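Bear in mind that the values in this text are calculations on the coordinates, not laboratory data. What you see is a predicted model, and the numbers here were worked out from it, not measured in a lab. Heads up, the Cβs are rebuilt from the backbone with ideal geometry, glycines too, and the neighbour counts pull from every protein chain shown.
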Amino acid sequence: MTEAVVFYIFAVLCIFGSIIVVTHKNPVACAISMVLTFFFTAVLFILLRAQFVAVIQVLVYAGAIIVLFLFTVMFLNIKEEGMQFDGKNIAKKVTFLFVIVAVTGFFASKLILNSGPKPPVIENFGSVESVGRDLFTEFLLPFELTSVLIIVAIIGVVTIARRSKSS
């Protein structure tokens, strides 16, 4: 039951974060909200006892993909009023956010560790070996198609930026 409470809390946080990503006008605020959503999703992976997938979620998506996203936003040269960021009390807001996430994570870990009998876990579920085996055998085509999709998106951004620059 306690895992269900943690799941619902972080699932709701994921939904709110993703709504902010889609509806906010400031691309930098969208990127920050996306990073938080990735962290909340990583907590859901930890609840599934897939620690490796959670770490990769944070490293790859919250790290590399957001850097790529922000690079693309800056490359598009968005108008100045669209890039304004309200920096009032940002230190207090970030500190408050980190305290909330840390306290929630602490209590979530206590609840998970003391939640009684654990459900049966598939052997090597979420481990490096099982993820690598699945990724490069069963899911090789979707994995490669995703990389092609990312390359096509980057080429599209560069093409759009060159067209708008020459106009």
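In this rough spin-label picture, where each label sits 7 Å from Cα along the Cβ direction, the Val103-Thr23 distance is 2.5 nm. Determine, from the Cβ-Cβ distance of Leu141 and Ile15 and an R0 of 41 Å, the FRET efficiency 1/(1 + (r/R0)^6), rounded to the nearest 0.05. Once rounded, the FRET efficiency stands at 0.85.
Give me the Debye-computed log₁₀ of I(q)/I(0) at q = 0.28, 0.31 Å⁻¹ for segment 18-69, equal point scatterers on Cα only, no solvent, two decimals. Computed log10 I(q)/I(0) values: -0.98, -1.08.
The distance from the alpha carbon centre of segment 1-34 to that of segment 133-156 is 25 Å, rounded to a whole number. Among Leu145, Leu48, the ranking by other beta carbons within 10 Å of each residue's beta carbon, starting with the fewest, stands as Leu145, Leu48.
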